[in-house]
Amino acid sequence: MMNDFLWWRDGVIYQIYPRSFADSNGDGLGDLPGVTSRLDYLSDLGVDAIWLSPFYPTPDKDFGYDISEYCDVDPRFGTLADFDRLVTGAHRRGIRVVLDMVMNHTSDQHPWFLESRSSRDNPKRDWFIWRDRPNNWQASFGGKAWTFDPVTGQYFLHLFTPAQPDVNWRNPEVRKAQLDAFRFWLERGVDGFRLDVFNAYFKDDRFRSNPPKFGLRGFDRQEHIHDIDQPEMMPLLDELRALLDSYPERYAVGETYLGAPEKAVSYCGPDKLHAAFSFDFTMPASEAAAALRIHPFNPDWVLQKILEREAAFDAAGVWPTTVMSNHDVMRAASRTCRGADDRMAKLAMALLLTLRGTPFLYYGEEIGMRDLALKRSEIMDPPGKKYWPIYPGRDGCRSPMQWDASPNAGFSSAQPWLKVNPDYPRRNVAAQRADPDSLFNFTKKLIALRKGTPALRGGNFVPLTGCPRGVLAYLRRAAEQTVLVALNFSGRAARLPVPAAAWTPLLSTGALPAEVRTEVRLAPHEVLLLINS
Ligand code: TEU
């Protein structure tokens, strides 16, 4: 069975936000040599791949998601030689490397855009999207999606900030240049790509306005049917997949923009993407809930989300992904825990690592890092600046990694670019490694268990009915074995009836039961795994 191990399907992928992971040169900003210096840590944790958020040259108007050169490293993050050393070091430890490709838009400082905006007859004019008159499209980070450029008297399109003009994927030269960038990194040994808002590459060729709908922000008050998800994306995915398949075991996961599971699935398949995020557990229940920062995390809501994604992915034979945290949303521990108590973070971690689908772990999630609380004056993220206090932005989940209790949490010898969470003297990697009951050690154990247990990797998902209030329980059932996962969301002890079988306790955050007959007792917030093989 282990011989069939496919890294992107059966492994765990760890997202690194390079500027916040480890600073090697004392400038307060994390960098690529910093990541390299922590590869032993990642190998010990047991992850199979790292996804690096952008480290390319950038004016940082959207913290690296505004790229001014696709085939290089920003000098603040290192050099191409540093990158090569990182890839070699990762591969030596059996860790794959996934890059973040932000190809819906460039930075407005990218030479392509500087040329494009310089005159209407510049050869690169058509590399971006210029119109005499705007339609009603809105930018995701606030305001209109069109900005007037007085130099040439036309509007250019940007689905995010005006510093991120959308490229014109319909232009064959653009298509070639972008695919060449993929090839550049493939040739450097990269194993896969995360495609930023890939389903926004193509826009309606007639630029029709979106129809209205009820919503809070301008952006939410329209159906996004003409600005994203155009049919022209499908042949492009074929072409990209053919390129990836010309190298062995390469991978692409799409960041489905405004994506429900069915939408994510529609972009995946043997000649399309390997995977696409459906963000089942990070999305609030509604836009209103998002505005009020309400993130339901209870057995009913979680089960409903699992069943929705199972229905979509299983029916299509597409392998799902599981995400609890990333650089755009509040960290799972901040959404699920009260105070410094990590029991609910363990439960969220157990979900991440026992569901059907590739787990994506966000740096610091393994130690239960909490979002940083920031004053208005400290907010740097564009949507946070625009929408505070309704929406505080995304700086909170991007604070420096908490390695130890030394100054700046062992992240940097200088003052970090973004504050370290003040809880770092208590919450850090060194402290949790030394504590057998820590979230870190729980995570490490569970990663190893997942990888060594066929039912946890590939087994079917079967929910258990008749669970007591506050408890979610399910089976992961493979031909040769079944694992039962019991999660007590509630602060009260519970008794869970279990199906008749020869169960052996596998892992628990409480006390492992000596034997299991017709029921198990769960302590408040307990995670319990049983196996029958
Ligand atoms: O995110 C796209 C996206 O869906 C986000 O804009 C999301 O709506 C927002 O963060 C609120 O949760 C991708 C990147 O992940 C994000 O960091 C970039 O800012 C954005 O694209 C533009 O490149």
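The values are calculated or read from the model by the stated rules, or taken from the named source; none is laboratory data. On a predicted model such as this, the values are computed, not experimentally measured, just so you know. Heads up, the Cβs are rebuilt from the backbone with ideal geometry, glycines too, and the neighbour counts pull from every protein chain shown. Remember, those area values only see protein heavy atoms, side chains included, never the ligands or the DNA or RNA. Shrake-Rupley method; radii C 1.70, N 1.55, O 1.52, S 1.80 Å.
Any residue in region 248-260 that is at positive phi and not assigned by TED's automatic domain parsing to the domain that holds Leu307 sitting within a Cβ distance under 9 Å of a residue that is more than 16 Å from the ligand (Cβ to nearest atom) and in a loop (DSSP other than H, G, I, E, B)? List the pairs, counting only those 6 or more apart or interchain.
Glu249/Leu6; Glu249/Asp191
So Lys444 passes all but one of these: (1) buried (at least 20 other Cβ atoms within 10 Å of the Cβ); (2) part of a helix (DSSP H, G or I). Which condition number does it fail?
It is condition (1) that Lys444 fails.
Do we find a residue being open to solvent by 40 Å² or more (accessible area, probe 1.4 Å), farther than 30 Å from Glu308 by Cβ and among the aliphatic types (A, V, I, L, M) anywhere in region 422-431?
Yes, region 422-431 contains at least one residue that is open to solvent by 40 Å² or more (accessible area, probe 1.4 Å), farther than 30 Å from Glu308 by Cβ and among the aliphatic types (A, V, I, L, M).
Can Lys263 be described as modelled with pLDDT of 95 or more, within 16 Å of the ligand (Cβ to nearest atom), charged (D, E, K, R) and open to solvent by 10 Å² or more (accessible area, probe 1.4 Å)?
Details: modelled with pLDDT of 95 or more: yes; within 16 Å of the ligand (Cβ to nearest atom): yes; charged (D, E, K, R): yes; open to solvent by 10 Å² or more (accessible area, probe 1.4 Å): yes.
The answer is yes for Lys263.
State whether one or more residues within region 5-20 are part of a loop (DSSP other than H, G, I, E, B), at pLDDT below 95 and either of a type in the set (A, V, I, L, M, F, W, C) or open to solvent by 10 Å² or more (accessible area, probe 1.4 Å) (or both).
yes
Is it the case that region 247-257 has a residue that's more than 16 Å from the ligand (Cβ to nearest atom), outside any loop (DSSP other than H, G, I, E, B) and open to solvent by 70 Å² or more (accessible area, probe 1.4 Å)?
Within region 247-257, not a single residue is more than 16 Å from the ligand (Cβ to nearest atom), outside any loop (DSSP other than H, G, I, E, B) and open to solvent by 70 Å² or more (accessible area, probe 1.4 Å).
Could you pull out every one of the strands (runs of 3 or more DSSP E) wholly within region 451-533 that has 2 or more residues that are open to solvent by 40 Å² or more (accessible area, probe 1.4 Å), over 18 Å from Ala348 (Cα atoms) and not polar (S, T, N, Q)? Step through it out loud before you land on a result.
Working: elements: 460-463, 471-477, 482-488, 494-497, 504-508, 519-522, 527-532.
Filter on region 451-533 gives 494-497, 519-522.
Here's a check for you: in region 327-351, which residue that is over 20 Å from Ala523 (Cα atoms) and surrounded by 24 or more Cβ atoms within 10 Å (Cβ to Cβ) is farthest from the ligand (Cβ to nearest atom)?
Among residues in region 327-351 that are over 20 Å from Ala523 (Cα atoms) and surrounded by 24 or more Cβ atoms within 10 Å (Cβ to Cβ), the one farthest from the ligand (Cβ to nearest atom) is Ala332.
Residues that are within 20 Å of the chain's Cα centre (by Cα) and open to solvent by 40 Å² or more (accessible area, probe 1.4 Å): does region 360-379 have at least one?
Yes - at least one qualifying residue is present in region 360-379.
State which residue pairs qualify: first residue more than 11 Å from Trp146 (Cβ to Cβ) and inside region 120-134, second residue open to solvent by 100 Å² or more (accessible area, probe 1.4 Å) in any location, beta carbons under 9 Å apart, and separation of 6 or more residues or different chains.
Every condition considered, the pairs that remain are Pro123/Glu173; Lys124/Glu173; Asp126/Glu173; Trp127/Glu173.
Going through region 146-192 one residue at a time, which ones are open to solvent by 10 Å² or more (accessible area, probe 1.4 Å), closer than 27 Å to Phe83 by Cβ and not in a loop (DSSP other than H, G, I, E, B)?
Glu173, Arg175, Lys176, Ala177, Leu179, Asp180, Arg183, Phe184, Glu187 - these are the residues of region 146-192 that are open to solvent by 10 Å² or more (accessible area, probe 1.4 Å), closer than 27 Å to Phe83 by Cβ and not in a loop (DSSP other than H, G, I, E, B).
Step by step: first the residues of region 384-399, then only those that are among the hydroxyl-bearing types (Ser, Thr, Tyr) and outside any helix (DSSP H, G or I), then the one that is farthest from the ligand (Cβ to nearest atom). Which residue is that?
Step by step, filter region 384-399, then rank; the result is Ser399.
Looking only at region 114-145, how many residues end up being within 31 Å of the chain's Cα centre (by Cα), surrounded by 17 or more Cβ atoms within 10 Å (Cβ to Cβ) and in a loop (DSSP other than H, G, I, E, B)?
Count: 8.
Determine whether Ala405 is assigned by TED's automatic domain parsing to the domain that holds Trp51 and more than 16 Å from the ligand (Cβ to nearest atom).
yes
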